[in-house]
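Below: the structure, in structure tokens.
The values are calculated or read from the model by the stated rules, or taken from the named source; none is laboratory data. Predicted model only: the values in this text are computed from it and were never measured. Because the Cβ atoms are built from the backbone with ideal geometry, glycine has one as well, and the counts that use them run over all protein chains shown.
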Amino acid sequence: MGSFRPVRVFMGNGLMLTDGPHGIRRQPDEHNFGIGESLPATCFPPAVALASTFDAALVRRVGAAIGREARALEVDVVLGPGLNLKRSPLGGRNFEYYAEDPWLSGRLAAAMVEGIQSEGVAACAKHFAVNNQETDRLRVSAEVDERTLRELYLRSFEHVVRSARPWTVMCAYNGVNGVPASANGWLLDTVLRQEWGFDGVVVSDWGAVGDRVAALAAGLDLQMPATGGRSDAVVVRAVETGELPVEVLDRSAERVARLVERVASGPAAATDPDAHHRLAREAAGRGIVLLKNDAGLLPLDGSGSVAVIGALAARPRIQGGGSSRVNPTRVDDLLDALRRRLANTRVDFAAGYPEDPGVDPVALAGEALALARRAGTTVLVVGLPEDAEAEGGDRTSLALPAEQLALVEAVAAVTPRLVVVLVSGGVVDVGPFDDRVPAIVAGWLLGQAGGAALCDILTGDVTPSGRLAETIPMRLEDTPSALHFPGDSGTVRYGEGLFVGYRGHDALGQPVRYPFGHGLSYTRFGYSDLEVLVTRHGVRVELLVENVGERRGREVVQLYVGVPGSSVARAPRELKGVAIVELEPGARRPASIQVPWQELRYWDVATGRWVLESGPYEFAVGASSRDLRLAAAVSIVGDEARTPLTTASTVGELLADPAARARLSEVVREKLGEETAEHVVGESGWAVMMAAFPFGRVAEWPGLDLDPQDAAWIVFGDTGAGRPR
Ligand code: BGC
């Protein structure tokens, strides 16, 4: 037992931590319960919209702006980004998370961390780990196999920690394979610190710590919120009794001291709310996804009148509910933005459906239909209500509210020129009207400048380039996690394993409504001259992209990699890179995507390491996961270790080794005769059956009846003495 020494950290005026992730939620009274009004700050697009930009450079700029506002509001730690995967479209906090894919999630979250920390403010990568649902979130244990953990749920965190070096990480509420994340030494110490080299502070999620001593021992540094000194006293006692080695406490205190040193001190520069609002508008515009646009209905050409229908057009929903809620500096709405932009066009408005319960929807719908009949083009804004998407609860369906669905149907019946704009923090089911509405725009939750950004897209001032960071399935039941979400009795089993999102849909060859990576433009792009080059550091993919349409636009070129003959289960293709190319009409430019070796490795459960498998790999580039334009295969020499043969190896494994095969054939032919030997070493149905048996067991069977020396010679070969006689 070590003697208790006073902790060396003096925190001065303390550290101020606030949410996060898409703006600053700084409460004027830091000692209140943690819920309530906060000081005005720019409400940037929540992660759902930022992710649809696929644009790490843009996310970095947003992060830096959040960092600047944090400094101005005397905030030291921003509690974001959130980078848990969208395992199910029902996830209640999907609006706060980036994607169903770990590559995309990791790249964008790393950019956010870099941006925030470039201003001397700590970012906090959360919620570590496997926090993919809200149901029973404080107690549920996520049961996940090791390969799925490594390749999906830990992968985006690993990338962020290794490449962007966040100064803090927040542990999740839930358990992982039976151990609460807050007291999970394997997660917080073995993986995070020892393997990935994290040298920052692990902060608990609010109220996640059940046992502070166990948490400290596991690697958690800062319990939040404070407990009025009670849990400190428990820690002191644990050190005094020897339950907790004082060195553990010292190391933790040093990490907190390092955080205090890392965050910037001194006066901050004033922020520019107008510039940040413009950035919020730019980011929102790039995150809007044009799902369909039959006969080029969009952009609005300004020639006829426009009917704007939908309460959400005038009173927008800009973010989800819960701890991430920012008090915006101002809010743009679509109706006002369209009226200003189309000053010479008649723009009429009808609410169409009630904002509040109790209002008669029939009268509202009647007014909307009358407008739609008269208008040149109708823009109908529908979406999920405020309480449908909030921290603490998962959604139970993908459906839009019934009165809104009825309205879409009724409006579609009176006008063929209908644009539906969707407002939601996650996937909604567009199946009921997909074939009756010519243009559909996924307008997510877009932050405070979302109304103006939607106007930019609808009028063509900005050409859409947003892409789906999550699949829109045909039906909720098709979602790979559907049978295993959200679990029960305190457990959720990740039964779909590696096959989350598009990985599962592709593996099953299922049709989807709109695939991962999908998003249309007002212009068109051509792909040519694909080259796949094996380099020292990985694989470099090069191609030419040409704008073959009539407008300036941005193409999000996506690279998917598959390993067709893999010896382990794999999705048919996985996103491994993105290149964004902005081009004038007629212009052509090379795009290049570098894939480091690490991205091509799988987690080998037997040896507990990342393995690059030898064999052919297919590299395909395209405009979505299901719109692949060019593909090329290259053969890669991997680094897999050959498992040494033993008597427990199967007959099949021995036969796969040329030398062992020769030895086995020789002995089997001698003992059983040519014809029967064929049943073991040949191609017959018997041989297929025999291949599965461990050799040591078969060796003793009557007829073969090998003595141990003969059996060992077959497996290990000539160890000096030659074949025993
Ligand atoms: C949320 C965290 C948040 C924290 C502080 C928790 O309930 O899960 O994401 O940062 O509260 O508000």
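Among the residues of the range 287-341, none is identified as farther than 30 Å from L79 by Cβ, surrounded by 22 or more Cβ atoms within 10 Å (Cβ to Cβ) and of a type in the set (S, T, Y). Mind checking which residues of the range 87-129 are in a loop (DSSP other than H, G, I, E, B) and within 16 Å of the ligand (Cβ to nearest atom)? G91, G92, R93, Y97, Y98, V121, A129, listed by residue number. S397: surrounded by fewer than 22 Cβ atoms within 10 Å (Cβ to Cβ), closer than 25 Å to F95 by Cα and either under 27 Å from the mean Cα position of the chain (by Cα) or not assigned by TED's automatic domain parsing to the domain that holds A469 (or both), yes or no? Judged against the criteria, S397 is a match. Filtering the range 398-419 to residues that are not in a helix (DSSP H, G or I) and not charged (D, E, K, R) leaves L398, A399, L400, P401, T415, P416, L418, V419. The residues on offer are N174, N184, and the sole one that is in contact (Cβ under 8 Å) with a residue 12 or more places away in the chain, surrounded by 24 or more Cβ atoms within 10 Å (Cβ to Cβ) and within 16 Å of the ligand (Cβ to nearest atom) is N174. Looking only at residues of the range 130-145 that are over 10 Å from Y173 (Cα atoms) and not charged (D, E, K, R), we find that the one that is farthest from the ligand (Cβ to nearest atom) is V144. Would it be correct to say that E678 is free of Cβ contacts under 8 Å to residues at least 12 places away in the same chain and either closer than 29 Å to V512 by Cβ or surrounded by 13 or more Cβ atoms within 10 Å (Cβ to Cβ) (or both)? Criteria met by E678.
One residue stands out in the range 248-268 among those that are part of a helix (DSSP H, G or I) and in contact with a helix residue (DSSP H, G or I) (Cβ under 8 Å, 6 or more places away or on another chain): the one that is surrounded by the fewest Cβ atoms within 10 Å (Cβ to Cβ), namely V248.
The criterion of being under 41 Å from the mean Cα position of the chain (by Cα), assigned to a strand (DSSP E or B) and not hydrophobic (A, V, I, L, M, F, W, C) does not hold for G652.
Taken over the range 190-220, residues that are without any contact (Cβ under 8 Å) to a residue 60 or more places away in the chain and either in a helix (DSSP H, G or I) or more than 16 Å from the ligand (Cβ to nearest atom) (or both) amount to 18. If we scan the range 404-411, do we find a residue that is among the hydrophobic types (A, V, I, L, M, F, W, C), surrounded by fewer than 16 Cβ atoms within 10 Å (Cβ to Cβ) and without any contact (Cβ under 8 Å) to a residue 40 or more places away in the chain? Scanning the range 404-411 turns up no residue that is among the hydrophobic types (A, V, I, L, M, F, W, C), surrounded by fewer than 16 Cβ atoms within 10 Å (Cβ to Cβ) and without any contact (Cβ under 8 Å) to a residue 40 or more places away in the chain. The residue list E391, E386 contains one member that is within 16 Å of the ligand (Cβ to nearest atom) and either under 23 Å from K86 (Cβ atoms) or of a type in the set (F, W, Y) (or both), which is E391. Within the range 440-473, the set of residues being under 20 Å from V59 (Cα atoms), of a type in the set (S, T, N, Q) and either at pLDDT below 95 or under 22 Å from the mean Cα position of the chain (by Cα) (or both) comprises just one member, S465. Restricting attention to the range 71-86, which residues are away from the ligand (no atom under 14 Å from the Cβ) and buried (at least 24 other Cβ atoms within 10 Å of the Cβ)? If the condition is that a residue be away from the ligand (no atom under 14 Å from the Cβ) and buried (at least 24 other Cβ atoms within 10 Å of the Cβ), then L85, K86 are the ones that fit.
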